[in-house]
Amino acid sequence: MAHPSSPVPPRRPQRLHHAAWVTRDQEATRHFYEDILGIPLVATWAEKSPTGRAYCHTFFALEDGSALAFFQYADQDEHPVELRSPGHLAFACDAETQRALKERLEAHGYAVRLTDHGYCVSLYVTDPNNLQLEFTVDHPEAARIQAEQQAQAHAALRRWLAGDRTPNNWLRPHTT
C-alpha cells in the first residue's frame, strides 16, 4: 500500500534472504540442521570483520532460496556474544530497492551501514525494537558463487573447526 502522500508504492524487499544467529558450536549446529532436520549446509565463509575479529559464517538452505545462518567467533570464549541475541533478519532486494530504502531510512534519521561482503552487498539498520535488519543485493554471479561454496562448504567448516582461521572469502574487498 502506498503512503497517502506518495503516488507510487515504495519498492520493498523481495523475500527473506537469511535469518542469522550466533552459535558457540558450529559442528553441533551443522549436525542438528543438516543431519537431523535435513537442511543442507551450502556455504561456509571464514571471515574477518572490519575490526579484525575472525568468525565462521555458515548458511543452511531452505527450499525457497532463503537460508538460516550462524556465526561462530574465534574469540567467543574471551569476548562472548550472548546466544540469545536477536541475531538479524536479512531480506533479498535489488540494488534500486536497496538504494531507495537507504535514502528513506537516512531521511528519517536512522543510522545505516553498507557492507560489501563480495558475494553480496548489505545495508544494515536497527529497527525501533532493537531488531537488526539487513537488505541484501546478491552478486550478479550468485548462482555460480553458491555452487562453488556448496562444493567446499563441509571442507571449509572442518578447516575452521580444526583451528585454521584463514579467510576464504576471495570476493570480499579488503581494506588496508
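The values are calculated or read from the model by the stated rules, or taken from the named source; none is laboratory data. What you are looking at is a predicted structure, and each value in this text was computed from that prediction instead of being measured. Glycine also receives a Cβ, built like all others from the backbone with ideal geometry; neighbour counts cover every protein chain displayed.
When you go through Glu96, Glu103 one by one, which is the residue that is under 20 Å from Gln132 (Cα atoms), of a type in the set (Asp, Glu) and over 13 Å from the mean Cα position of the chain (by Cα)?
Glu103
Report the residue count in region 140-173 for those that are in contact (Cβ under 8 Å) with a residue 24 or more places away in the chain and over 22 Å from Arg30 (Cβ atoms).
Total meeting the criteria: 4.
Keeping to region 106-141, report how many residues are over 14 Å from the mean Cα position of the chain (by Cα) and over 30 Å from Val8 (Cα atoms).
Residues flagged as over 14 Å from the mean Cα position of the chain (by Cα) and over 30 Å from Val8 (Cα atoms) within region 106-141 amount to 1.
In this structure, is Leu37 buried (at least 17 other Cβ atoms within 10 Å of the Cβ), over 25 Å from Leu105 (Cβ atoms) and without any contact (Cβ under 8 Å) to a residue 60 or more places away in the chain?
For Leu37, the condition - buried (at least 17 other Cβ atoms within 10 Å of the Cβ), over 25 Å from Leu105 (Cβ atoms) and without any contact (Cβ under 8 Å) to a residue 60 or more places away in the chain - is not met.
Anything in region 125-139 that is in contact (Cβ under 8 Å) with a residue 40 or more places away in the chain, assigned to a strand (DSSP E or B) and either surrounded by fewer than 16 Cβ atoms within 10 Å (Cβ to Cβ) or out of contact with any Lys or Arg (no Cβ under 9 Å at 6 or more places or on another chain) (or both)? List them, or say none.
Residues satisfying the conditions are Gln132, Leu133, Glu134, Thr136, Val137, Asp138.
Of the residues that sit in region 15-25 and are within 9 Å of Phe71 (Cβ to Cβ) and buried (at least 17 other Cβ atoms within 10 Å of the Cβ), which one is farthest from the chain's Cα centre (by Cα)?
Per the stated criteria, the residue is Thr23.
Of all residues in region 108-124 being modelled with pLDDT under 90 and more than 15 Å from His18 (Cβ to Cβ), which is surrounded by the fewest Cβ atoms within 10 Å (Cβ to Cβ)?
Asp116
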